[in-house]
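Input: a single structure, listed below in structure tokens.
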Amino acid sequence: MNRRKFLAAGTTLGLAATIAVPAVAAEGDGTPAQFMPKKPKDPTPLVDELAKYPKCPYCGMDRKEYHFSRHLVHYSDDLVDGTCSIHCAAVSLSVNLDRMPKAIYAPDNGSGEALKPLTNAETAAYVIGGEHRGVMTRKPKTSFASKVAAEAAKGDGEVVDFNKALMLSYMGMAEDTMMIRMRRDEKRRKMMGEMQHKG
């Protein structure tokens, strides 16, 4: 299944069977303004990518710190979402339903570079699970430009393509969101406790 078909149909996770969905958005419909990518249009998003898109717009995480998990969605209207992970890329794709991605990029964890370079997510191989570090998820989804490199690094994980990795991101969204909320609440409580202790 190619990316366009997957994004048009697959990301609904079968909901179309029970919910009526118009084939074409009605006039006035579309992505609400609060969800649209906020940066100016950018026909060359990979040039100085981390400088232009330093923080994930959905969770606020530093993309340079999480260079090994970051994703970048370049929409056909040249708006760009630079996210910290495939989890937040999935959020971007779900709230920007009327924007077709021109390209989606993922980090090449097979690279020896200090900052992992971006590669085409469509042709990337993802290791699901294994000993890799999960970002915004309990189950890591680690991308590699080469399937050979992914196989070598999978450990007890599974190697899948982008479509499957994205689908697994959506399927794990509820559990992952609850986990993130709990961790952030614990962090807030800890910070408040430290502030009260100092005061």
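So for region 89-199, if I pair up every lysine 8 or more residues apart or on another chain, how many of those pairs have alpha-carbons under 28 Å apart?
Counting lysine pairs in region 89-199 gives 22.
Taking a ≥ b ≥ c as the square roots of the Cα gyration tensor eigenvalues, with a/c under 1.5 meaning rounded and otherwise prolate when a/b beats b/c, else oblate, which class fits region 61-199?
Cα axes put region 61-199 in the prolate bin.
Could you order peptides 175-185, 102-112 by the average number of other Cβ atoms within 10 Å of their residues, highest first?
Top to bottom by mean Cβ count within 10 Å: 102-112, 175-185.
Report, to two decimal places, the Cα Rg of region 127-173 normalised by 2.2 N^0.38 Å (N = number of residues).
It is 1.04.
The numbers here are math on the coordinates, done by the rules we state, and not lab data. Predicted, not measured: the structure shown is a model, and the values here were computed from it. Using ideal geometry, Cβ is built from the backbone for each residue, glycine included, and neighbour counts are taken over all protein chains shown.
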